[in-house]
1. Does Ile121 meet the test of being β-branched (Val, Ile, Thr) and in contact (Cβ under 8 Å) with a residue 24 or more places away in the chain?
2. Name the pairs whose Cβ atoms lie under 6 Å apart, with the first residue in the range 51-71 and more than 13 Å from Trp150 (Cβ to Cβ) and in contact (Cβ under 8 Å) with a residue 40 or more places away in the chain, the second acidic (Asp, Glu) and open to solvent by 40 Å² or more (accessible area, probe 1.4 Å), and 6 or more positions between them or separate chains?
3. Read through the list (1) touching a residue at least 12 places away in the same chain (Cβ under 8 Å); (2) farther than 16 Å from Phe152 by Cβ, then give the number of the only condition that Gln38 fails.
4. Regarding Val155, is this residue farther than 26 Å from Ala89 by Cα and within 21 Å of the chain's Cα centre (by Cα)?
5. Among the residues of the range 182-201 satisfying the criterion of being open to solvent by 100 Å² or more (accessible area, probe 1.4 Å) and modelled with pLDDT of 85 or more, which is nearest to the chain's Cα centre (by Cα)?
6. Please verify whether Arg109 is without any contact (Cβ under 8 Å) to a residue 12 or more places away in the chain, out of contact with any helix residue (DSSP H, G or I) (no Cβ under 6 Å at 6 or more places or on another chain) and closer than 16 Å to Lys37 by Cα, treating the condition exactly as stated.
Amino acid sequence: MVGSNGEHLLQQRYATKRRAEAFYEHQVINFLNEEMKQFISLQNMVFISTADGNGECDSSFRAGEQGFVRVVEDKILCFPEYRGNGVMASLGNILENPHIGLLFIDFERGVGLHINGKAEIIENEQLSMKVREGLARELISYEGLRLERWVFIEVEEAYIHCSKHIPKFIAIAKDISWGTDDEIRKGGDYFKVKAMKARKVKLK
């Protein structure tokens, strides 16, 4: 049955079962159809959610050039991992618990797409064992030296996100240095955490 036990219990409690079943029946599929593939190819960002082996959650954000999330086949997609802060929060969770949720929101069109599935980490040198050789070369060539590895996802659920509350934003061109270590470009200490900790050390 589509949906979790918790969903079904609350649908009974709050009398939403009929609406939920209609949504499951008409909107939820376990693969990516052609419209979803086209939609993903136009996106330059995605929100992701993961949890560790104890169920403790982490939400994150990934971005790249338009189409940086690649659909490999109807039930497989992947996105590149660029150099970050070294914490590896999302990837660490995937090692313990492969379940992952992705949310694409196109703020210009006012459309969202949920994808839930199972993820695995693939190093660059493993790509040729995961996808056909030509595609492996294309992926690495397209991304160049900016990427460090890939996350591959096997699709289990794909469905639309209600568009009525999505605000409309228009993208503005921005010069982006993918994988940079430049503190200013990375946002510096915007929330003053580093400065706050430094003050506490001095007070001691």
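The values are calculated or read from the model by the stated rules, or taken from the named source; none is laboratory data. In this text the structure is predicted, and so the values were computed from the model without any measurement. We place every Cβ from the backbone using ideal geometry, glycine too, and count neighbours over all the protein chains shown. Note: accessible area is taken over every heavy atom of the protein model, side chains too, but ligands, DNA and RNA are not part of it. Shrake-Rupley method; radii C 1.70, N 1.55, O 1.52, S 1.80 Å.
1. Details: β-branched (Val, Ile, Thr): yes; in contact (Cβ under 8 Å) with a residue 24 or more places away in the chain: yes.
Judged against the criteria, Ile121 is a match.
2. Filtered contacts from the range 51-71: Asp52/Glu96; Gly53/Glu96.
3. Answer for Gln38: the failing condition is (1).
4. Numbers: farther than 26 Å from Ala89 by Cα: no; within 21 Å of the chain's Cα centre (by Cα): yes.
The answer is no for Val155.
5. So the first thing to find is which residues in the range 182-201 are open to solvent by 100 Å² or more (accessible area, probe 1.4 Å), and the list is 183-185, 190-192, 194, 197, 199-201.
Subsequent filtering for residues that are modelled with pLDDT of 85 or more retains 191-192, 194, 197.
Working: Phe191: 24, Lys192: 27, Lys194: 28, Lys197: 31 Å.
Selected residue: Phe191.
6. Working: without any contact (Cβ under 8 Å) to a residue 12 or more places away in the chain: yes; out of contact with any helix residue (DSSP H, G or I) (no Cβ under 6 Å at 6 or more places or on another chain): yes; closer than 16 Å to Lys37 by Cα: yes.
Considered against the rule, which asks whether it is without any contact (Cβ under 8 Å) to a residue 12 or more places away in the chain, out of contact with any helix residue (DSSP H, G or I) (no Cβ under 6 Å at 6 or more places or on another chain) and closer than 16 Å to Lys37 by Cα, Arg109 comes out as yes.
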